[in-house]
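These notes concern the structure reproduced below.
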Amino acid sequence: MSAAGTKAMHCLSFDVEEHFQVSGFWSEDRRQHWDTYESRVENNTRKIVELLAQHETKATFFVLGWVAERYPGLVNMLVEQGHEIASHGYSHELITDQTPAIFRDDVRRAKGILEDICGKRVHGYRAPSFSITKDTKWAISVLAEEGYVYDSSIFPVLHDRYGMPNATPTVHLLRGEAGCIWEVPPSTTNIFGTRVPVAGGGYFRIFPYPILRQLLKRVEKAGHPLVMYLHPWELDPDQPKMQGSSLSVFRHYINLHKTEDRLSALLGDFCFTSIRGALESVDQACAKAEGAYSQAKLLALDDHIESVRLRV
Ligand SMILES: [Zn+2]
């Protein structure tokens, strides 16, 4: 719980990808033509950065390797503005469609590209569409072996495309043979015994904001840091329309014109910063990994780490 008179710090994150790369509209044919679509990611990300600057807020940006490769200036701008750079993988292919070997190449390639651009160690990873599920748990070991310190891909909810309903819903340390990795799950809350997502994305645009705000306050009062996420394309109501299933069309386009104002309201109602900034134990683990950077693999982190508390 936060001390009286101070405000709890929460985690704000953005998955930096183009509007045509989302999993809901994925097709092999579209994938082959990514380079021919109109790019909107730079302008949309700049919109977010301006909004964050107005609210003097920092965030974590999980940048897709494919995007970073084409727009290194965008990554550098985020670093210059004091934001944390993390990895969204390279290809945006769902992990459920990848083999462990392909996944390893994907996360290694993205990390290398991002680190070369920003000259800093990249510690965090978020999977396309939160696709670390019960079938792809092996991905956690691969991430630890590849030097990632934290992951934010396990969504503890029931969903048609992702989710692990029985996963721990708060920030925790996962221990594996390859070492340890912090898991930073997107926020959820319980309503009548059912775990409901309140973390961002489509949920952020579908729930009326006053209701969402109330649910987020509940999470805060329980002493848990919020872990919120959005995408640059969610602040772009003028993006070209894509064809897809009616469910994907609904999820992708609903209330895009409201996102910017809602994000602004959210930034006024809660205190956000990057994942490293908000989570002291994760920050310490990242700092420790930086000390061990010359070694190829992440060394096992301290087993004795206190439970994660709100940083105020
Ligand atoms: Zn994504």
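The values are calculated or read from the model by the stated rules, or taken from the named source; none is laboratory data. Quick caveat: nothing in here was measured; it's all calculated off a predicted structure. Reconstructed Cβ throughout: ideal geometry from the backbone, glycine too, with neighbour counts over all protein chains shown.
So for the range 141-151 (the condition being out of contact with any Asp or Glu (no Cβ under 6 Å at 6 or more places or on another chain) and of a type in the set (Val, Ile, Thr)), does at least one residue qualify?
Checking the range 141-151: at least one residue is out of contact with any Asp or Glu (no Cβ under 6 Å at 6 or more places or on another chain) and of a type in the set (Val, Ile, Thr).
Is one or more of the residues making up the range 17-25 of a type in the set (Asp, Glu), part of a helix (DSSP H, G or I), under 21 Å from Lys111 (Cβ atoms) and within 20 Å of the chain's Cα centre (by Cα)?
Scanning the range 17-25 turns up no residue that is of a type in the set (Asp, Glu), part of a helix (DSSP H, G or I), under 21 Å from Lys111 (Cβ atoms) and within 20 Å of the chain's Cα centre (by Cα).
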Check: Taking the stated definitions as given, is Glu28 under 29 Å from Asp261 (Cα atoms), away from the ligand (no atom under 16 Å from the Cβ) and more than 18 Å from the chain's Cα centre (by Cα)?
Finding: no
Next item on the list: Mind listing whichever residues of the range 131-165 are touching a Gly at 6+ places or on another chain (Cβ under 7 Å), within 16 Å of the ligand (Cβ to nearest atom) and at pLDDT 95 or above?
Entry: Ser152
Next item on the list: Name every residue in the range 75-112 that is of a type in the set (A, V, I, L, M) and either farther than 20 Å from Glu145 by Cβ or within 16 Å of the ligand (Cβ to nearest atom) (or both), in order of residue number.
Entry: Val75, Met77, Leu78, Val79, Ile85, Ala86, Leu94, Ile95, Val107, Ala110
Next item on the list: Check Ser187 against each of (1) within 16 Å of the ligand (Cβ to nearest atom); (2) modelled with pLDDT of 95 or more; (3) of a type in the set (Gly, Ala, Ser) and name the one condition it does not meet.
Entry: (1)
Check: Mind checking which residues of the range 184-241 are free of Cβ contacts under 8 Å to residues at least 40 places away in the same chain and aromatic (Phe, Trp, Tyr)?
Finding: Phe192, Tyr203, Phe207
Check: Can you tell me which residues in the range 261-287 are within 29 Å of Pro237 (Cβ to Cβ) and surrounded by fewer than 16 Cβ atoms within 10 Å (Cβ to Cβ)?
Finding: Asp261, Ser264, Ala265, Gly268, Asp269
Note to self: Here are the criteria: (1) modelled with pLDDT under 95; (2) closer than 30 Å to Leu51 by Cα; (3) touching a helix residue (DSSP H, G or I) at 6+ places or on another chain (Cβ under 6 Å); (4) more than 16 Å from the ligand (Cβ to nearest atom). Tell me which single one Gly119 does not satisfy.
What the structure shows: (3)
Note to self: Only one of Glu56, Glu50, Glu28 is out of contact with any Phe, Trp or Tyr (no Cβ under 9 Å at 6 or more places or on another chain), of a type in the set (D, E, K, R) and closer than 30 Å to Ala222 by Cβ. Can you tell me which?
What the structure shows: Glu56
Check: What residue, among those in the range 44-74 that are of a type in the set (A, V, I, L, M) and within 16 Å of the ligand (Cβ to nearest atom), is surrounded by the most Cβ atoms within 10 Å (Cβ to Cβ)?
Finding: Val63
Item checked: Single residue of Gly147, Gly176, Gly200 found to be of a type in the set (Gly, Ala, Ser) and under 13 Å from the mean Cα position of the chain (by Cα) -> Gly200
Check: Across the range 26-43, what is the total count of residues that are surrounded by 14 or more Cβ atoms within 10 Å (Cβ to Cβ) and outside any helix (DSSP H, G or I)?
Finding: 4
